[in-house]
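Each remark here refers to the structure printed beneath this line.
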Amino acid sequence: MLKQFFILCSGADKDLLEGCSEGEQTKYVGIGATVFFTAIMAFLASSYALFTVFDSIYPAIAFGIVWSLLIFNLDRFIVSTIRKRDQFGSEFLQATPRIILAVIIAIVISKPLEIKIFEKEINTVLLKEKNAMALNNKKEVANYFKSDLDKNKTEIASLKSEITKKEKEVNTLYETYITEAEGTAGTKKLGKGPVFKEKIAKHDLVKKELDTLQKTNLAKIAEMEKNTKTLQTDLDKKVTETRPIIDGFDGLMARINALDKLPWLPSFFIMLLFLAIETSPIIAKLLSPKGEYDYKLEDLETALKATIEQDKYQRTLLVKTSAVMHDKVYGDIADDKKLYDLQRKNATDLLELQSNNFVEKQKRTL
């Protein structure tokens, strides 16, 4: 059962191969097994590749089945259409387009499996890239809000500076009227005289201005600090919103780019492995000697070709012979006097009928 299945996979003529030796059948069983297992590898590779794209197993498996069937059909076609020639050069020339196609298929199959094999290393590269992207994103978002934040900080600092300046002025006036009352400065007279009253009145006036300024500026500062908190909240929200996008930066293209940043030699050897697997049926058929199956297949093809050429030649002769015979028959008929008189009489009758019909039509018109 398994033997018949692998023979089917090889694309060989089952009925023709049954009459060949056991060794010849084993050769094509091996070729068919290689074609089959190449399709299995294609299924695994494509399913994993699509799983990284859709993050769902069902579409990945569905596409994997379709892709593996496509690769199976291509490989089976490639192997079954290679014919053994008497010269290796002509065989290789015949197989060259198929080898190129096999190389392309091998590269396509190997890349997703390379991504899976080096998954841990790729995840490390992606983690570094994500961290760098997160830092750059935070800087960009911060730069976007920087002008508004800096403007608020500058205005808050200016308002606080006004309050500090007015407080210094009040403190200075306070020291002035205290020293005046103590007699240590100003008029240097102890007691609360007219100068003292003047200075304390000025202090009280400036103190009221300070209270008003504090009330106004502190309200403005509170509003600006509220705006600053809002801006900071928006900044943090923006960073939080963009974080899932950065965390999701692990699709197929990102992983392929990350794979390219790893040392190329291990990846190259894996690709060579799949290249050897994919081209092995073709190489095996090219290197194997012309076997019993090839001779029988060539015999059938040459016999069919000879039969077709004979049929074609016979049909050509038949057409030529038939044409000569018809020319001779109609030539003899043309020389027959009786047939000539009959044909002349019929033509004359027809012309008379046409003429009479024409005259009748002319009369009806008049």
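The values are calculated or read from the model by the stated rules, or taken from the named source; none is laboratory data. No experiment lies behind these values; they were computed from the predicted model shown. Glycine gets a Cβ as well: all are built from the backbone with ideal geometry, and neighbour counts include every protein chain shown.
The single residue among Leu275, Leu252, Leu339 that is modelled with pLDDT of 75 or more and either surrounded by 10 or more Cβ atoms within 10 Å (Cβ to Cβ) or in contact with a strand residue (DSSP E or B) (Cβ under 6 Å, 6 or more places away or on another chain) (or both) turns out to be Leu275. The numbered conditions (1) free of Cβ contacts under 8 Å to residues at least 12 places away in the same chain; (2) not assigned by TED's automatic domain parsing to the domain that holds Lys111 are all true for Gln232 except (1). The residues of the stretch 99-139 that are acidic (Asp, Glu) and surrounded by fewer than 20 Cβ atoms within 10 Å (Cβ to Cβ), listed by number, are Glu119, Glu121, Glu129.
Can you say whether Phe37 is out of contact with any helix residue (DSSP H, G or I) (no Cβ under 7 Å at 6 or more places or on another chain), within 13 Å of Ile109 (Cα to Cα) and in contact (Cβ under 8 Å) with a residue 24 or more places away in the chain, as far as the supplied structure shows? Yes, satisfied. Scanning the stretch 1-59 for residues that are of a type in the set (A, V, I, L, M), surrounded by 14 or more Cβ atoms within 10 Å (Cβ to Cβ) and outside any helix (DSSP H, G or I) gives a single hit, Ala12.
Has the stretch 63-72 got any residue that is buried (at least 18 other Cβ atoms within 10 Å of the Cβ) and outside any helix (DSSP H, G or I)? No, the stretch 63-72 contains no residue that is buried (at least 18 other Cβ atoms within 10 Å of the Cβ) and outside any helix (DSSP H, G or I). So, Ile246, is that one at pLDDT below 75, under 25 Å from Asn136 (Cα atoms) and crowded, with 16+ Cβ neighbours inside 10 Å or not? It is true that Ile246 is at pLDDT below 75, under 25 Å from Asn136 (Cα atoms) and crowded, with 16+ Cβ neighbours inside 10 Å.
Annotation note: Cβ proximity below 8 Å between a residue of the stretch 158-183 that is outside any helix (DSSP H, G or I) and a residue that is modelled with pLDDT under 75 (sequence gap 6+ or interchain) occurs for Gly183/Lys189; Gly183/Leu190; Gly183/Gly191. Take the stretch 352-362 and flag every residue that is modelled with pLDDT under 80 and among the aliphatic types (A, V, I, L, M). Across the stretch 352-362, the qualifying residue is only Val359.
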